[in-house]
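Report on the structure given below.
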Amino acid sequence: MKLVITGASGLIGSFLVERLSRLHHSLVLLSRQPHKENAAIKKQWLEWQPGQAGAWERAIDGADGVINLAGEPIAAKRWNKAQKERLRDSRIDSTRSLVKAMANAQVKPKFLISASAVGYYGSRGEEEITEESKPGDDFLSNLCVEWEDEARKADAFGVRVALLRTGIVLAKGEGALRKMVPPFKLFAGGPLGSGRQWMPWIHIDDEAGMIELLIENQNARGAFNGTAPNPVTMAAFSKALGTVLNRPSWARMPPSVLTLIVGEMAEMLLVGQRAKPEAALKLGYKFKFPTLRHALESLRL
């Protein structure tokens, strides 16, 4: 297949690109700062500025599918008004730009897989969350709703739209674990806040595997929770991480201290979603890493 991918240099994107390359797909990777890979016969980088015309639009015309992973990292910086605008614009503008290019294409892609997040559901306590659950009403929830609404507009001209609401992606030296592992290795690791909040996690291998499912299965449309089938609480996550690293999990960080450090972003870290991947399981996806201990051990932290 000819696949157009945004966000290809990010945590999920870079892993996915290598996996799809091995499956002999032809990949067109859109980036604001394109890489140069002359030896990659089936991998092409194109400069992409959302809202601006360019060769990337011609790449979408006739592509089999588009995978949209673009977006400013949620937890990279302290949230202030300017950063929240960057978080929003990097998602809304890029998705709107892609959908507009699809609308103008003579030969439209068959599908659009667009990233979202389990933050869509907001704070839900002990409630078990499926793709049928309603959205929350905080900043991240509203962002996800608006983000998904832009992607769904591709439905109007016959493009199959799948929305991947991803949880915490586990990958060695990357993402959440890059920040969580060092304190544990220094014997200062532990849960954030009460530890009772749920952590919807997924191994990077299963995140990519789920995207493959959404590419290949023509019945894959609508929302999909990109989470493992066995979510755990923050306390259980910290304990499992400590066990794998052979370190204690005792240094709990109080909510007031976390708020002082990261500001409004603390709300995202102190609440969680007991999200289950019901839609993917119904389509027959089999998780390689369904349990946290197995997932963490596989990463050889």
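The values are calculated or read from the model by the stated rules, or taken from the named source; none is laboratory data. This one's a predicted model, so the numbers in the text were calculated from it and none came from an experiment. Cβ atoms come from the backbone with ideal geometry, glycine included; neighbour counts cover every protein chain shown. Each accessible area value is taken on the protein alone, full model and side chains, heavy atoms only, with ligands, DNA and RNA left out. Shrake-Rupley method; radii C 1.70, N 1.55, O 1.52, S 1.80 Å.
Residues in segment 71-118 that are open to solvent by less than 10 Å² (accessible area, probe 1.4 Å) and part of a loop (DSSP other than H, G, I, E, B) were compared, and the one that is nearest to Thr6 (Cα to Cα) is Pro109.
Across segment 10-22, not a single residue is classified as over 22 Å from Ala171 (Cβ atoms) and either assigned to a loop (DSSP other than H, G, I, E, B) or modelled with pLDDT of 90 or more (or both). Of the residues Glu131, Glu148, the single one that is buried (at least 16 other Cβ atoms within 10 Å of the Cβ), in contact with a strand residue (DSSP E or B) (Cβ under 7 Å, 6 or more places away or on another chain), part of a helix (DSSP H, G or I) and touching a residue at least 24 places away in the same chain (Cβ under 8 Å) is Glu148. Quick check on segment 24-43. Is at least one of its residues out of contact with any strand residue (DSSP E or B) (no Cβ under 9 Å at 6 or more places or on another chain) and either buried (at least 23 other Cβ atoms within 10 Å of the Cβ) or at pLDDT 90 or above (or both)? No, the conditions are met nowhere in segment 24-43.
For segment 138-157, indicate whether the set of residues that are over 20 Å from the mean Cα position of the chain (by Cα) and on the phi > 0 side of the Ramachandran plot is non-empty. Scanning segment 138-157, I find no residue that is over 20 Å from the mean Cα position of the chain (by Cα) and on the phi > 0 side of the Ramachandran plot, so the answer is no. Among residues that are within 17 Å of Leu98 (Cβ to Cβ), modelled with pLDDT of 90 or more and small (Gly, Ala, Ser), Gly7 is included. Taking segment 166-276 and the strands (runs of 3 or more DSSP E) fully enclosed by it, the elements with 1 or more residues that are in contact with a Leu (Cβ under 9 Å, 6 or more places away or on another chain) and more than 22 Å from Leu299 (Cα to Cα) are at 222-226. Among the residues of segment 151-184, those that are among the charged types (D, E, K, R) and surrounded by fewer than 21 Cβ atoms within 10 Å (Cβ to Cβ) comprise Arg152, Lys153, Asp155, Arg160, Lys172, Glu174, Arg178, Lys179. Taken across segment 68-90, residues that are under 30 Å from Asn142 (Cβ atoms), at pLDDT 90 or above and of a type in the set (Asp, Glu) do occur, with at least one present. Does any residue in segment 168-185 that is acidic (Asp, Glu) come within less than 8 Å, Cβ to Cβ, of a residue that is open to solvent by less than 30 Å² (accessible area, probe 1.4 Å) six or more places away or on a different chain, and which pairs are these? Every condition considered, the pairs that remain are Glu174/Ile204.
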